[in-house]
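A.B. asks: What follows is a structure written as C-alpha cells; I'll ask about it next.
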Amino acid sequence: ARPSASATGTLEVYPSSVVPGGQVSVNTKACGQKASAAGDASAVGAGAFPLSPSTHEGDAIGQFRVPEGAQPGTYEIVADCAEGGRRVKGDLIVALTSAQGQLQPRGSVKTGVGGALGTDPVKTAAGVAALAVAAAGGTWLLHRRARGDGI
C-alpha cells in the first residue's frame, strides 16, 4: 500500500521545544491511512518508540520521553513507515527552560515604585492609613491658612 496523495513527508514534533524529562508526541501522514511506523529518538537518547494508526485525520502517532540528562541542542527524530519503506524526519529542540510557558514568572517588577509595601495585608493597611492621615492633615492645614487663622 502506498501513502495517500495528501500524505506529507514530514514528522511533526509536539512540542517542538522541550526541557529534559519532557514528554514528546510525534505524528505523520506519510505512512498512509492505516499504516504504522517505527520511531527512533536515539539522537536525543530516548531510543525506539512505536507510531500507531490514529483516528485523527489518518495520522500515525507515537510518544517518547526525553531523558533527564539530555543536553540542550537540536536533535533529528526519524520514523520509518511499516509499509512502503518511507522515512520521515522532524527536529526536536532540547532547551534548559521551556518556551511553551510552563514556567510562569512570579513576584513583582523591581521598579522602585508601587508594591513597596509588599503583599502583607497588615502592612498595606498601615500604609493606606498613613496616607489617609497625611491627606487629612494637609487638608486641615490648607483650610486654616485659607481662613487666616495662622499656623
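The values are calculated or read from the model by the stated rules, or taken from the named source; none is laboratory data. For clarity, every value in this text was computed on a predicted model and none was experimentally measured. Don't worry about glycine lacking a Cβ; one is built from the backbone with ideal geometry, like all the others, and counts go over all protein chains shown. When the accessible area is computed, the model is the full protein with side chains, heavy atoms only, and any ligands, DNA or RNA have been set aside. Shrake-Rupley method; radii C 1.70, N 1.55, O 1.52, S 1.80 Å.
A.B. asks: Taking the options Gly69, Gly84, name whichever one is touching a residue at least 60 places away in the same chain (Cβ under 8 Å) and farther than 12 Å from Val26 by Cα.
C.D. replies: Gly84
A.B. asks: Now, a different point. Return only the number of the condition from (1) closer than 19 Å to Gly9 by Cβ; (2) outside any strand (DSSP E or B); (3) among the hydroxyl-bearing types (Ser, Thr, Tyr) that Thr55 does not satisfy.
C.D. replies: It fails just one condition, (1).
A.B. asks: Okay, next question. Name the residues in the range 26-66 that are hydrophobic (A, V, I, L, M, F, W, C), over 22 Å from Thr97 (Cα atoms) and free of Cβ contacts under 8 Å to residues at least 40 places away in the same chain, would you?
C.D. replies: Ala48, Phe49, Leu51, Ala60, Ile61
A.B. asks: Confirm whether Gly101 is modelled with pLDDT under 90 and either within 23 Å of Gly9 (Cα to Cα) or within 21 Å of the chain's Cα centre (by Cα) (or both).
C.D. replies: yes
A.B. asks: Residues in the range 81-92 that are buried (at least 16 other Cβ atoms within 10 Å of the Cβ) and in a strand (DSSP E or B): how many?
C.D. replies: The total comes to 4.
Okay, residues lined up against (1) open to solvent by 20 Å² or more (accessible area, probe 1.4 Å); (2) hydroxyl-bearing (Ser, Thr, Tyr); (3) touching a Leu at 6+ places or on another chain (Cβ under 8 Å); (4) modelled with pLDDT of 85 or more:
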{"position": "Ala5", "(1), (2), (3), (4)": "yes, no, no, no"}
{"position": "Leu11", "(1), (2), (3), (4)": "no, no, no, yes"}
{"position": "Pro15", "(1), (2), (3), (4)": "yes, no, no, yes"}
{"position": "Val19", "(1), (2), (3), (4)": "yes, no, yes, yes"}
{"position": "Gly22", "(1), (2), (3), (4)": "no, no, no, yes"}
{"position": "Val26", "(1), (2), (3), (4)": "no, no, yes, yes"}
{"position": "Lys34", "(1), (2), (3), (4)": "yes, no, no, no"}
{"position": "Ala38", "(1), (2), (3), (4)": "yes, no, yes, yes"}
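A.B. asks: Output the residues belonging to the range 45-69 that are crowded, with 19+ Cβ neighbours inside 10 Å and within 16 Å of Ser16 (Cβ to Cβ).
C.D. replies: The answer is Ala46, Ile61, Gly62, Phe64, Val66.
A.B. asks: If you check Thr139 against the conditions, is it more than 19 Å from Phe49 (Cα to Cα), hydroxyl-bearing (Ser, Thr, Tyr) and modelled with pLDDT under 70?
C.D. replies: Answer is no for this residue.
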